[in-house]
């Protein structure tokens, strides 16, 4: 329910149900308002951004991502073309998309497209093990924005892991082949977990990640766990998940 019509649904409607002998709602979900330049978006004011036009430019996953990432459930949210573009470029493009591109490019270059599964880093395994419960906890509390933030912490953690392990340096030393295999395996395993966890938020992107890594499309929640990545061959450098776009005025 919109927060501006609470009286009807919290007072009048339950009263009518009680008078008719029906059970009243046990829980009512209340959403805030979507604001454009600090003013409520409304048909009467005509200050509207068409979501269909945004989808034409950025795609449905990016628009879904922005709506959940930027507007906390139950709170007012501020919308602008600039904020949609910024989330698309920085988080989807630079953080998630670049992580997939770098990982697959290194597997293709240093291992000829072959992904060998290793036990993995204990630290990364522990962080991936905590991901599923963290997302479930936030969703059970109706905190969809918090659930997405829990996933994004892993996205950023894996980007940092690339810089920590420096696979391009490991590839220069044959004596460190096992370390290179572990780093690439950790990154692929993390991306697979992220893809399954993201499936309800950005389904097309989730499927694309799993397909690029040649992993199963099984989205069962128990797969948001480390060590379930399959050894495969034929991985190629992924094209950009979210190609760069011009200024948001195009929307």
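The values are calculated or read from the model by the stated rules, or taken from the named source; none is laboratory data. None of these values were measured; they are calculated from a predicted model. Note that each Cβ is placed from the backbone with ideal geometry, even for glycine, and that neighbours are counted across all protein chains shown.
How many of the residues making up segment 84-126 are surrounded by 22 or more Cβ atoms within 10 Å (Cβ to Cβ) and within 18 Å of residue 61 (Cα to Cα)?
8
Just checking, does segment 195-209 include any residue being surrounded by 16 or more Cβ atoms within 10 Å (Cβ to Cβ), at pLDDT 95 or above, within 18 Å of residue 131 (Cα to Cα) and touching a strand residue (DSSP E or B) at 6+ places or on another chain (Cβ under 9 Å)?
The answer is no; no qualifying residue exists.
Has segment 137-155 got any residue that is in contact (Cβ under 8 Å) with a residue 40 or more places away in the chain, over 18 Å from the mean Cα position of the chain (by Cα), outside any helix (DSSP H, G or I) and surrounded by fewer than 19 Cβ atoms within 10 Å (Cβ to Cβ)?
No: segment 137-155 contains no residue that is in contact (Cβ under 8 Å) with a residue 40 or more places away in the chain, over 18 Å from the mean Cα position of the chain (by Cα), outside any helix (DSSP H, G or I) and surrounded by fewer than 19 Cβ atoms within 10 Å (Cβ to Cβ).
I need a count of the residues in segment 47-73 that are within 20 Å of residue 152 (Cβ to Cβ) and touching a residue at least 12 places away in the same chain (Cβ under 8 Å). Talk me through it step by step, then tell me what you get.
Quick first cut of segment 47-73, residues within 20 Å of residue 152 (Cβ to Cβ) only: 58-73.
With touching a residue at least 12 places away in the same chain (Cβ under 8 Å) added as a condition, the list becomes 58-66, 68-73.
Number of matching residues: 15.
Residues in segment 107-135 that are in a helix (DSSP H, G or I) and either touching a strand residue (DSSP E or B) at 6+ places or on another chain (Cβ under 9 Å) or over 16 Å from residue 185 (Cβ atoms) (or both): how many? Lay out the reasoning, then the answer.
Our first condition is that a residue be in a helix (DSSP H, G or I); within segment 107-135, this holds for 107-110, 122-135.
Of the ones still in play, those that are also either touching a strand residue (DSSP E or B) at 6+ places or on another chain (Cβ under 9 Å) or over 16 Å from residue 185 (Cβ atoms) (or both) are 107, 130-135.
The number of residues fulfilling the criteria is 7.
When segment 27-65 is examined, which residues are found to be at positive phi and at pLDDT below 90?
Correct list: 37, 38, 46.
Would you mention how many residues in segment 1-25 are part of a loop (DSSP other than H, G, I, E, B) and either within 30 Å of the chain's Cα centre (by Cα) or more than 23 Å from residue 72 (Cβ to Cβ) (or both)? Don't jump to the end; show me each part of the working.
If we filter segment 1-25 for residues that are part of a loop (DSSP other than H, G, I, E, B), which is where we start, we get 1, 20-25.
Checking which are either within 30 Å of the chain's Cα centre (by Cα) or more than 23 Å from residue 72 (Cβ to Cβ) (or both) leaves us with 1, 20-24.
Number of matching residues: 6.
Filter segment 47-106 down to the residues that are over 24 Å from residue 147 (Cβ atoms) and part of a helix (DSSP H, G or I) and list them by number.
52, 53, 56, 57, 81, 82, 101, 102, 104, 105, 106, listed by residue number.
Just checking, does segment 157-172 include any residue being assigned to a helix (DSSP H, G or I), under 30 Å from residue 77 (Cα atoms), touching a helix residue (DSSP H, G or I) at 6+ places or on another chain (Cβ under 7 Å) and without any contact (Cβ under 8 Å) to a residue 60 or more places away in the chain?
Yes, segment 157-172 has at least one match.
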